[in-house]
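Working notes for the structure below.
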Amino acid sequence: MHVRRPVLAPSVAVLTAALLILVTVPAANSAGRHGAPSAVAVAWQRIALRTIFTEGATPPQVGVLHLAFTSVAVDRAVQATRGMGGTAARAAVATAAHDVLSAYFVNSRGNLAADLSASLAAVPNGRGEAKGIRSGRAAAAAVLRSRIGDGLGDSSIVYRKAPAIGTWQPAPGGAMATPWLGFVRPLVPIAPVPLDGPNAVPTAAYAADYDEVRRLGSVGSAQRTKDQSDIAQFFAFNPPLMYRDALCRHLDAEPMSLARTARLFALIDASVANTMIETFRLKFEVGFWRPFEAIATVDDGNPATQPEASWTPLVPNPAYSDYTSGHAAATSPMAETIRRTLGDDTRLVLRNPVRGEERTYTTMTAIEHDALHARIWGGLHFRDAMEDGYELGHRTARAVRAAFG
């Protein structure tokens with residue numbers, strides 16, 4: 001017998017308050033440390049976070065698309081102003097980001113107009129500013145044109161897999177969240193990454209993953225350590241927002257050139273967006289069940305599994321399937337891009353405002369280790385979904401980087 005239990009989401013009020021803590025935007029005309037020209041790019045990343053996640057209340061898996069649209073437009077705008085001088089580049093960054101965000105988040109247009117005015121007030125008036133504004137508008141318009149008919153929000157796509165052993169099902173009366181996401185046109189036209197799919201339910205490999213999450217991922221696990229519990233709950237916060245906030249603070253302290261900063265964000269966001277799209281295509285087409293469904297199933301045909309009808313995950317599960325992990329899609333392309341741009345030993349301080357906690361990581365490898373295991377210790381994923389999700393993210397990040405040149 002297959003038993004499904006409803007999954008409770010965190011309070012909207014709690015999440016909104018937490019988002020406001022992270023995305024409080026310094027003055028958009030701030031010059032940053034040592035008057036770094038790149039400060040405008042970092043400021044508009046914070047504005048994007050506020051617009052997308054706080055004001056727009058966009059789910060993380062969808063918000064990464066809007067971050068990518070914005071960052072790609074900013075990168076193109078900076079490239080278009082080469083040889084025009086710093087004034088043009090700074091004006092182009094602000095204009096490109098403003099125009100993309102305004103197109104998608106109509107209710108934020110007032111705030112975005114004020115942000116743009118503040119940014120442009122910080123650059124000298126004249127031909128350089130005018131050229132930068134034109135370049136920014138052109139870059140944003142090109143990105144927006146490229147997304148026409150891209151499948152964003154297509155309500156005709158509905159998940160309807162029949163109940164079966166190994167098949168994920170929505171909670172009674174519910175539906176898969178954002179089923180259209182796997183059908184959105186990728187940001188960068190690269191070949192899909194081939195994966196071998198989830199371990200088949202009758203296999204020993206599946207039973208090993210099953211037993212691991214059964215023992216360590218339940219709300220009342222006696223085998224999971226306190227540190228493992230803390231890590232699982234720490235990484236349950238919005239991962240794109242948490243990582244981006246940490247990277248912005250890192251770049252405040254250790255600024256790079258404006259061109260390099262814009263390219264870094266574009267590479268990260270295009271890689272994450274492409275990975276998330278492919279991830280959700282797998283979630284839709286493969287539809288592999290999550291541990292809380294699997295462990296509640298009395299007879300799955302594998303003699304090595306031990307069902308527990310009352311098993312409940314430590315962390316609430318979102319309304320989509322196990323394979324591959326969306327958390328891995330948000331984490332691994334980001335880490336791989338930073339690793340190949342700034343080095344694996346880049347220090348990031350991650351903050352979870354819901355828990356009032358921060359964790360300092362001195363390598364990308366350490367972030368990936370904890371983020372991967374957090375989803376097992378939290379009872380959300382089988383290990384195979386995490387490991388394949390990381391392979392997907394790493395390979396996608398490398399392909400996107402090569403495509404950018």
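Could you tell me whether ARG224 is touching a residue at least 60 places away in the same chain (Cβ under 8 Å), in a loop (DSSP other than H, G, I, E, B) and in contact with a helix residue (DSSP H, G or I) (Cβ under 7 Å, 6 or more places away or on another chain)?
It is true that ARG224 is touching a residue at least 60 places away in the same chain (Cβ under 8 Å), in a loop (DSSP other than H, G, I, E, B) and in contact with a helix residue (DSSP H, G or I) (Cβ under 7 Å, 6 or more places away or on another chain).
Please work out if THR279 is buried (at least 22 other Cβ atoms within 10 Å of the Cβ), touching a residue at least 12 places away in the same chain (Cβ under 8 Å) and either closer than 24 Å to ILE376 by Cβ or in contact with a His (Cβ under 6 Å, 6 or more places away or on another chain) (or both).
yes
Within the range 134-176, can you find the residues that are closer than 26 Å to GLY197 by Cα, more than 22 Å from the chain's Cα centre (by Cα) and of a type in the set (D, E, K, R)?
The answer is ARG160, LYS161.
Considering only residues that are surrounded by 15 or more Cβ atoms within 10 Å (Cβ to Cβ) and over 18 Å from ALA68 (Cα atoms), which ones fall in the range 128-153?
Within the range 128-153, GLY128, GLU129, LYS131, GLY132, ILE133, ARG134, SER135 meet the criteria.
For the range 169-179, indicate whether the set of residues that are surrounded by 19 or more Cβ atoms within 10 Å (Cβ to Cβ), in a helix (DSSP H, G or I) and at negative phi is non-empty.
yes
Give the range 177-192 a look and list any residue that's within 19 Å of SER321 (Cα to Cα) and among the aliphatic types (A, V, I, L, M), or say none.
Hits for the range 177-192 are ALA177, LEU181, VAL184.
For the range 307-332, how many residues meet the condition of being in contact with a helix residue (DSSP H, G or I) (Cβ under 7 Å, 6 or more places away or on another chain) and either at pLDDT below 95 or of a type in the set (Asp, Glu) (or both)?
Matching residues across the range 307-332 total 2.
How many residues, within the range 67-121, are part of a helix (DSSP H, G or I) and more than 28 Å from ASN238 (Cα to Cα)?
So the answer is 15.
Evaluate the following for ALA294: is it out of contact with any Pro (no Cβ under 6 Å at 6 or more places or on another chain) and either surrounded by fewer than 18 Cβ atoms within 10 Å (Cβ to Cβ) or polar (S, T, N, Q) (or both)?
So ALA294 does not fit the description; no.
The values are calculated or read from the model by the stated rules, or taken from the named source; none is laboratory data. All values derive from a computational prediction rather than experimental measurement. Please note: Cβ atoms are built from the backbone with ideal geometry, for glycine as well, and neighbour counts cover all protein chains shown.
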